[in-house]
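Here is the structure we will look at.
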Amino acid sequence: MSDVQLGEKVTQKSCSREQTEELYKLKEQIDLQETLFGIRNKIVVLSGKGGVGKSSVAANLAVSLSLQGKKTGLLDVDLHGPSIPTMLGIEGKLPASAGGRIEPVAYSENLKVMSVGLLLRNQSEAVVWRGPAKHGVIKQFLAAVEWGDLDYLIVDCPPGTGDEPLSVIQLLDGAEGAIIVTTPQDVALTDVRKSVTFCRQMNLPVLGVVENMSGFVCPHCGESVDIFKSGGGSRMADEMNVPFLGRIPLDPAMVSAGDAGAPFVEHQAASPAAKAFGEIVATVAELCAPGK
(Lines give C-alpha, C1' and ligand atoms only; values in the text may rest on other atoms or scores of the structure.)
Protein backbone atom coordinates (compact mmCIF):
# COMPACT_ATOMS: atom_id res chain seq x y z
CA MET A 1 0.00 0.00 0.00
CA SER A 2 1.37 3.42 -0.97
CA ASP A 3 1.93 6.23 1.50
CA VAL A 4 -0.91 8.17 -0.19
CA GLN A 5 -3.41 5.34 0.26
CA LEU A 6 -2.35 4.86 3.88
CA GLY A 7 -2.78 8.57 4.51
CA GLU A 8 -6.27 8.51 2.98
CA LYS A 9 -7.31 5.60 5.25
CA VAL A 10 -6.05 7.38 8.37
CA THR A 11 -7.90 10.54 7.33
CA GLN A 12 -11.14 8.59 6.75
CA LYS A 13 -10.91 6.95 10.18
CA SER A 14 -10.25 10.32 11.81
CA CYS A 15 -13.22 11.93 10.03
CA SER A 16 -15.45 9.01 10.96
CA ARG A 17 -14.45 9.28 14.63
CA GLU A 18 -15.06 13.05 14.62
CA GLN A 19 -18.50 12.56 13.04
CA THR A 20 -19.41 9.94 15.65
CA GLU A 21 -18.32 12.26 18.45
CA GLU A 22 -20.36 15.12 16.96
CA LEU A 23 -23.45 12.93 16.67
CA TYR A 24 -23.04 11.77 20.27
CA LYS A 25 -22.75 15.37 21.49
CA LEU A 26 -25.83 16.33 19.46
CA LYS A 27 -27.86 13.44 20.90
CA GLU A 28 -26.70 14.31 24.42
CA GLN A 29 -27.77 17.93 23.92
CA ILE A 30 -31.19 16.86 22.63
CA ASP A 31 -31.62 14.50 25.60
CA LEU A 32 -30.69 17.33 27.98
CA GLN A 33 -33.20 19.71 26.43
CA GLU A 34 -35.94 17.08 26.58
CA THR A 35 -35.18 16.46 30.26
CA LEU A 36 -35.24 20.15 31.15
CA PHE A 37 -38.47 20.66 29.21
CA GLY A 38 -40.22 18.25 31.58
CA ILE A 39 -39.10 20.08 34.75
CA ARG A 40 -41.15 23.08 35.87
CA ASN A 41 -38.91 24.45 38.64
CA LYS A 42 -35.16 23.96 39.01
CA ILE A 43 -33.62 25.06 42.31
CA VAL A 44 -29.91 24.96 43.17
CA VAL A 45 -28.86 24.72 46.83
CA LEU A 46 -25.51 26.39 47.45
CA SER A 47 -23.17 27.41 50.23
CA GLY A 48 -19.80 29.06 50.21
CA LYS A 49 -18.85 27.14 53.35
CA GLY A 50 -18.83 23.44 54.23
CA GLY A 51 -20.48 22.12 57.37
CA VAL A 52 -23.45 24.50 57.36
CA GLY A 53 -26.09 21.82 56.74
CA LYS A 54 -26.60 22.51 53.05
CA SER A 55 -27.33 18.87 52.13
CA SER A 56 -29.77 18.59 55.02
CA VAL A 57 -31.63 21.64 53.73
CA ALA A 58 -31.67 20.23 50.17
CA ALA A 59 -32.87 16.78 51.27
CA ASN A 60 -35.60 18.07 53.57
CA LEU A 61 -36.75 20.62 51.00
CA ALA A 62 -37.18 17.83 48.44
CA VAL A 63 -38.98 15.58 50.95
CA SER A 64 -41.27 18.43 52.05
CA LEU A 65 -42.31 19.20 48.49
CA SER A 66 -42.91 15.52 47.75
CA LEU A 67 -45.10 15.18 50.87
CA GLN A 68 -47.23 17.99 49.45
CA GLY A 69 -47.89 15.84 46.39
CA LYS A 70 -45.35 17.57 44.16
CA LYS A 71 -43.39 15.39 41.73
CA THR A 72 -39.85 16.07 42.89
CA GLY A 73 -36.34 15.09 41.87
CA LEU A 74 -33.25 15.42 44.09
CA LEU A 75 -29.89 15.50 42.31
CA ASP A 76 -26.76 15.27 44.45
CA VAL A 77 -23.75 16.68 42.59
CA ASP A 78 -21.46 16.66 45.60
CA LEU A 79 -19.27 14.14 43.80
CA HIS A 80 -16.52 13.92 46.41
CA GLY A 81 -18.71 13.81 49.51
CA PRO A 82 -22.20 12.59 48.58
CA SER A 83 -24.36 12.47 51.71
CA ILE A 84 -27.89 12.47 50.28
CA PRO A 85 -28.18 8.64 50.12
CA THR A 86 -27.31 8.43 53.84
CA MET A 87 -29.71 11.20 54.82
CA LEU A 88 -32.56 9.50 52.98
CA GLY A 89 -31.69 5.96 54.04
CA ILE A 90 -31.27 4.69 50.47
CA GLU A 91 -27.62 3.64 50.55
CA GLY A 92 -26.97 0.47 48.58
CA LYS A 93 -29.91 0.96 46.21
CA LEU A 94 -28.37 0.81 42.75
CA PRO A 95 -30.12 2.79 40.00
CA ALA A 96 -31.57 0.55 37.29
CA SER A 97 -30.81 1.11 33.60
CA ALA A 98 -32.70 0.29 30.44
CA GLY A 99 -32.28 1.33 26.83
CA GLY A 100 -29.28 3.50 27.61
CA ARG A 101 -31.23 5.45 30.23
CA ILE A 102 -30.72 5.48 34.01
CA GLU A 103 -33.66 5.16 36.39
CA PRO A 104 -33.24 7.33 39.50
CA VAL A 105 -33.81 5.64 42.85
CA ALA A 106 -37.30 6.18 44.24
CA TYR A 107 -37.34 7.42 47.84
CA SER A 108 -41.12 7.58 47.65
CA GLU A 109 -43.87 7.77 45.05
CA ASN A 110 -43.22 11.49 44.55
CA LEU A 111 -39.46 11.71 45.09
CA LYS A 112 -36.71 10.43 42.77
CA VAL A 113 -33.03 10.63 43.73
CA MET A 114 -29.74 10.47 41.85
CA SER A 115 -26.28 10.65 43.43
CA VAL A 116 -22.82 9.34 42.69
CA GLY A 117 -23.08 7.82 46.18
CA LEU A 118 -25.65 5.39 44.77
CA LEU A 119 -23.10 4.14 42.24
CA LEU A 120 -20.29 3.37 44.70
CA ARG A 121 -19.96 -0.24 45.81
CA ASN A 122 -17.99 0.87 48.84
CA GLN A 123 -19.04 4.11 50.55
CA SER A 124 -15.42 4.63 51.67
CA GLU A 125 -14.28 4.71 48.04
CA ALA A 126 -12.78 8.05 46.97
CA VAL A 127 -13.94 9.73 43.76
CA VAL A 128 -10.85 11.24 42.10
CA TRP A 129 -11.98 13.31 39.13
CA ARG A 130 -10.81 16.51 37.49
CA GLY A 131 -13.02 19.27 36.12
CA PRO A 132 -13.90 17.88 32.65
CA ALA A 133 -14.85 14.49 34.13
CA LYS A 134 -17.07 16.19 36.71
CA HIS A 135 -18.85 18.21 34.02
CA GLY A 136 -19.43 15.06 31.98
CA VAL A 137 -20.93 13.15 34.90
CA ILE A 138 -23.22 16.03 35.90
CA LYS A 139 -24.39 16.34 32.31
CA GLN A 140 -25.16 12.61 32.27
CA PHE A 141 -27.05 12.89 35.56
CA LEU A 142 -29.31 15.38 33.80
CA ALA A 143 -29.45 14.13 30.22
CA ALA A 144 -29.26 10.34 30.69
CA VAL A 145 -31.42 9.99 33.81
CA GLU A 146 -35.12 9.27 33.33
CA TRP A 147 -36.46 12.08 35.52
CA GLY A 148 -39.80 12.29 33.75
CA ASP A 149 -42.14 15.21 34.38
CA LEU A 150 -41.27 17.01 37.61
CA ASP A 151 -42.72 19.94 39.51
CA TYR A 152 -39.34 20.51 41.16
CA LEU A 153 -35.73 19.44 40.68
CA ILE A 154 -33.60 20.25 43.73
CA VAL A 155 -29.84 20.17 43.09
CA ASP A 156 -27.50 19.80 46.06
CA CYS A 157 -24.09 21.28 45.20
CA PRO A 158 -20.82 20.92 47.13
CA PRO A 159 -19.52 23.94 49.05
CA GLY A 160 -17.81 26.74 47.18
CA THR A 161 -17.99 28.14 43.68
CA GLY A 162 -15.98 25.53 41.75
CA ASP A 163 -16.56 23.07 38.93
CA GLU A 164 -19.76 21.41 40.16
CA PRO A 165 -21.98 24.47 40.80
CA LEU A 166 -20.56 26.13 37.70
CA SER A 167 -21.50 23.11 35.55
CA VAL A 168 -24.95 22.82 37.11
CA ILE A 169 -25.85 26.45 36.51
CA GLN A 170 -24.56 26.35 32.93
CA LEU A 171 -26.51 23.16 32.17
CA LEU A 172 -29.71 24.20 33.97
CA ASP A 173 -30.33 27.13 31.68
CA GLY A 174 -33.24 29.17 33.03
CA ALA A 175 -33.23 27.76 36.58
CA GLU A 176 -35.63 29.47 38.99
CA GLY A 177 -32.80 30.35 41.34
CA ALA A 178 -30.56 29.42 44.23
CA ILE A 179 -31.13 28.87 47.92
CA ILE A 180 -28.00 29.80 49.86
CA VAL A 181 -27.39 28.15 53.24
CA THR A 182 -25.30 29.67 55.99
CA THR A 183 -24.80 29.56 59.74
CA PRO A 184 -24.79 32.75 61.84
CA GLN A 185 -21.01 32.92 62.48
CA ASP A 186 -18.93 35.56 60.74
CA VAL A 187 -16.50 32.91 59.43
CA ALA A 188 -19.35 31.28 57.48
CA LEU A 189 -20.96 34.52 56.36
CA THR A 190 -17.74 35.74 54.75
CA ASP A 191 -17.70 32.73 52.42
CA VAL A 192 -21.46 32.76 51.82
CA ARG A 193 -21.27 36.32 50.51
CA LYS A 194 -19.12 34.88 47.73
CA SER A 195 -21.98 32.54 46.79
CA VAL A 196 -24.28 35.53 46.32
CA THR A 197 -21.68 37.23 44.13
CA PHE A 198 -21.20 33.98 42.21
CA CYS A 199 -24.94 33.76 41.45
CA ARG A 200 -24.95 37.32 40.20
CA GLN A 201 -21.99 36.65 37.91
CA MET A 202 -23.85 33.60 36.55
CA ASN A 203 -27.15 35.53 36.18
CA LEU A 204 -28.84 33.09 38.56
CA PRO A 205 -31.50 34.67 40.80
CA VAL A 206 -31.09 34.20 44.55
CA LEU A 207 -34.38 32.92 45.93
CA GLY A 208 -33.12 33.57 49.42
CA VAL A 209 -30.80 32.82 52.32
CA VAL A 210 -31.45 30.17 54.98
CA GLU A 211 -29.77 30.62 58.37
CA ASN A 212 -29.17 27.12 59.70
CA MET A 213 -28.09 26.22 63.27
CA SER A 214 -29.63 29.49 64.41
CA GLY A 215 -29.71 28.96 68.15
CA PHE A 216 -30.14 25.69 70.03
CA VAL A 217 -33.53 24.48 71.22
CA CYS A 218 -33.34 22.66 74.55
CA PRO A 219 -35.23 19.35 74.22
CA HIS A 220 -36.28 19.55 77.89
CA CYS A 221 -37.46 23.10 78.50
CA GLY A 222 -37.85 24.31 74.90
CA GLU A 223 -35.80 27.46 75.45
CA SER A 224 -33.41 28.65 72.75
CA VAL A 225 -29.71 29.36 73.37
CA ASP A 226 -27.55 31.10 70.76
CA ILE A 227 -24.62 28.67 70.68
CA PHE A 228 -23.54 29.77 67.19
CA LYS A 229 -25.04 33.27 67.47
CA SER A 230 -28.24 34.22 65.67
CA GLY A 231 -29.30 36.76 63.09
CA GLY A 232 -26.09 36.85 61.03
CA GLY A 233 -27.79 35.36 57.98
CA SER A 234 -30.60 37.91 57.93
CA ARG A 235 -28.16 40.81 58.33
CA MET A 236 -26.01 39.45 55.51
CA ALA A 237 -29.08 39.07 53.28
CA ASP A 238 -30.01 42.70 53.95
CA GLU A 239 -26.47 43.85 53.18
CA MET A 240 -26.38 41.87 49.93
CA ASN A 241 -29.94 42.90 49.02
CA VAL A 242 -31.26 39.34 48.69
CA PRO A 243 -34.34 37.77 50.34
CA PHE A 244 -34.08 36.08 53.73
CA LEU A 245 -36.09 32.85 53.91
CA GLY A 246 -35.83 32.07 57.61
CA ARG A 247 -33.93 30.49 60.49
CA ILE A 248 -33.64 26.81 61.41
CA PRO A 249 -32.60 26.11 65.02
CA LEU A 250 -29.98 23.52 65.95
CA ASP A 251 -32.31 20.72 67.00
CA PRO A 252 -31.16 17.32 68.37
CA ALA A 253 -34.07 15.70 66.50
CA MET A 254 -32.72 17.08 63.23
CA VAL A 255 -29.23 15.71 63.86
CA SER A 256 -30.36 12.20 64.78
CA ALA A 257 -32.83 12.10 61.87
CA GLY A 258 -30.05 12.79 59.35
CA ASP A 259 -27.85 10.04 60.74
CA ALA A 260 -30.76 7.59 60.78
CA GLY A 261 -31.75 8.24 57.17
CA ALA A 262 -35.14 9.56 58.31
CA PRO A 263 -35.67 13.20 57.16
CA PHE A 264 -36.82 15.30 60.10
CA VAL A 265 -39.63 17.02 58.19
CA GLU A 266 -41.24 13.61 57.72
CA HIS A 267 -40.32 11.75 60.90
CA GLN A 268 -39.96 14.63 63.38
CA ALA A 269 -42.70 16.91 62.06
CA ALA A 270 -43.46 18.33 65.52
CA SER A 271 -39.84 19.35 66.19
CA PRO A 272 -38.91 23.08 66.28
CA ALA A 273 -36.63 22.61 63.27
CA ALA A 274 -39.40 21.00 61.19
CA LYS A 275 -41.87 23.76 62.06
CA ALA A 276 -39.35 26.45 61.13
CA PHE A 277 -38.47 24.61 57.94
CA GLY A 278 -42.14 24.35 56.96
CA GLU A 279 -42.37 28.14 56.78
CA ILE A 280 -39.28 28.27 54.56
CA VAL A 281 -40.71 25.63 52.19
CA ALA A 282 -43.99 27.55 51.95
CA THR A 283 -42.09 30.70 50.97
CA VAL A 284 -40.05 28.84 48.35
CA ALA A 285 -43.19 27.29 46.84
CA GLU A 286 -44.80 30.73 46.68
CA LEU A 287 -41.74 32.19 44.95
CA CYS A 288 -41.92 29.41 42.33
CA ALA A 289 -45.68 29.69 41.81
CA PRO A 290 -46.81 30.52 38.25
CA GLY A 291 -46.86 34.24 37.61
CA LYS A 292 -44.23 35.06 40.23
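The values are calculated or read from the model by the stated rules, or taken from the named source; none is laboratory data. Model, not experiment: these values are computed from the prediction. Glycine gets a Cβ as well: all are built from the backbone with ideal geometry, and neighbour counts include every protein chain shown. Ligands, DNA and RNA are stripped out before the accessible areas are found, and what is left, the full protein with its side chains, is counted by its heavy atoms. Shrake-Rupley method; radii C 1.70, N 1.55, O 1.52, S 1.80 Å.
Output the qualifying pairs, or none if there are none: Cβ atoms under 6 angstrom, residues six or more apart or on different chains, first residue in the range 132-143 and closer than 13 Å to residue 115 by Cβ, second residue modelled with pLDDT of 90 or more and hydroxyl-bearing (Ser, Thr, Tyr).
Partner pairs satisfying both residue conditions: 138/167.
Quick test for you: out of 243, 205, 184, 249, pick the one residue that is in contact with a Pro (Cβ under 6 Å, 6 or more places away or on another chain) and at negative phi. Talk me through it step by step, then tell me what you get.
Values: 243 fails: in contact with a Pro (Cβ under 6 Å, 6 or more places away or on another chain); 205 fails: in contact with a Pro (Cβ under 6 Å, 6 or more places away or on another chain); 184 fails: in contact with a Pro (Cβ under 6 Å, 6 or more places away or on another chain).
Result: 249 is the single residue among 243, 205, 184, 249 that is in contact with a Pro (Cβ under 6 Å, 6 or more places away or on another chain) and at negative phi.
Cβ-Cβ under 6 Å, sequence separation 6+ or interchain: first residue in the range 24-44 and more than 19 Å from residue 178 (Cα to Cα), partner open to solvent by 90 Å² or more (accessible area, probe 1.4 Å). Which pairs?
38/149
Take residues that are out of contact with any strand residue (DSSP E or B) (no Cβ under 9 Å at 6 or more places or on another chain) and of a type in the set (Val, Ile, Thr) and tell me which of the helices (runs of 4 or more DSSP H) falling wholly in the range 100-213 contain 1 or more. Explain how you work it out, then say what you get.
Values: elements: 131-143, 163-171, 186-201.
Of the helices (runs of 4 or more DSSP H) lying wholly inside the range 100-213, those with at least 1 residues that are out of contact with any strand residue (DSSP E or B) (no Cβ under 9 Å at 6 or more places or on another chain) and of a type in the set (Val, Ile, Thr) span 131-143, 186-201.
If you take the residues of the range 86-106 that are within 20 Å of residue 255 (Cα to Cα) and surrounded by fewer than 24 Cβ atoms within 10 Å (Cβ to Cβ), which of them is nearest to the chain's Cα centre (by Cα)?
Going through the range 86-106, the residues within 20 Å of residue 255 (Cα to Cα) turn out to be 86-91.
From the residues that got through so far, the ones that are surrounded by fewer than 24 Cβ atoms within 10 Å (Cβ to Cβ) too are 86, 89-91.
Working: 86: 15, 89: 17, 90: 16, 91: 17 Å.
It comes out as 86.
Quick one: is residue 69 over 17 Å from the mean Cα position of the chain (by Cα), on the phi > 0 side of the Ramachandran plot, outside any strand (DSSP E or B) and not charged (D, E, K, R)? I'd like the intermediate steps shown before the answer.
Values: over 17 Å from the mean Cα position of the chain (by Cα): yes; on the phi > 0 side of the Ramachandran plot: yes; outside any strand (DSSP E or B): yes; not charged (D, E, K, R): yes.
When the stated conditions are applied, residue 69 passes them.
Considering each of 216, 244 in turn, give the residue that is under 19 Å from residue 55 (Cα atoms) and not small (Gly, Ala, Ser). Write out each step before concluding.
Working: 216 fails: under 19 Å from residue 55 (Cα atoms).
Answer to the check: 244.
If residue 180 passes every condition in (1) surrounded by fewer than 24 Cβ atoms within 10 Å (Cβ to Cβ); (2) modelled with pLDDT of 95 or more but one, which one does it miss?
(1)
Inside the range 61-118, can you point out the residues that are touching a residue at least 40 places away in the same chain (Cβ under 8 Å), over 18 Å from residue 179 (Cβ atoms) and basic (Lys, Arg)?
71, 101, 112
Do we find that residue 103 is among the charged types (D, E, K, R) and modelled with pLDDT of 90 or more in this structure? So that I can check it myself, show each step before the final result.
On the way: among the charged types (D, E, K, R): yes; modelled with pLDDT of 90 or more: yes.
Against the criterion (among the charged types (D, E, K, R) and modelled with pLDDT of 90 or more), residue 103 qualifies.
Quick check on the range 1-51: of everything there that is of a type in the set (Lys, Arg) and modelled with pLDDT under 85, which residue is least open to solvent (accessible area, probe 1.4 Å)? Step through it out loud before you land on a result.
Going residue by residue through the range 1-51, those that are of a type in the set (Lys, Arg) are 9, 13, 17, 25, 27, 40, 42, 49.
When the remaining residues are screened for being modelled with pLDDT under 85, the result is 9, 13, 17, 25, 27, 49.
On the way: 9: 109, 13: 143, 17: 137, 25: 115, 27: 120, 49: 65 Å².
Step by step, filter the range 1-51, then rank; the result is 49.
Please specify each residue of the range 233-280 satisfying the condition of being closer than 21 Å to residue 90 by Cβ, part of a helix (DSSP H, G or I) and open to solvent by less than 50 Å² (accessible area, probe 1.4 Å).
Residues of the range 233-280 that are closer than 21 Å to residue 90 by Cβ, as a first pass: 253-269, 274, 277.
With the extra rule that they be part of a helix (DSSP H, G or I), the set shrinks to 253-260, 264-267, 274, 277.
Of everything in the range 233-280, those that are closer than 21 Å to residue 90 by Cβ, part of a helix (DSSP H, G or I) and open to solvent by less than 50 Å² (accessible area, probe 1.4 Å) turn out to be 253, 254, 257, 258, 264, 265, 274, 277.
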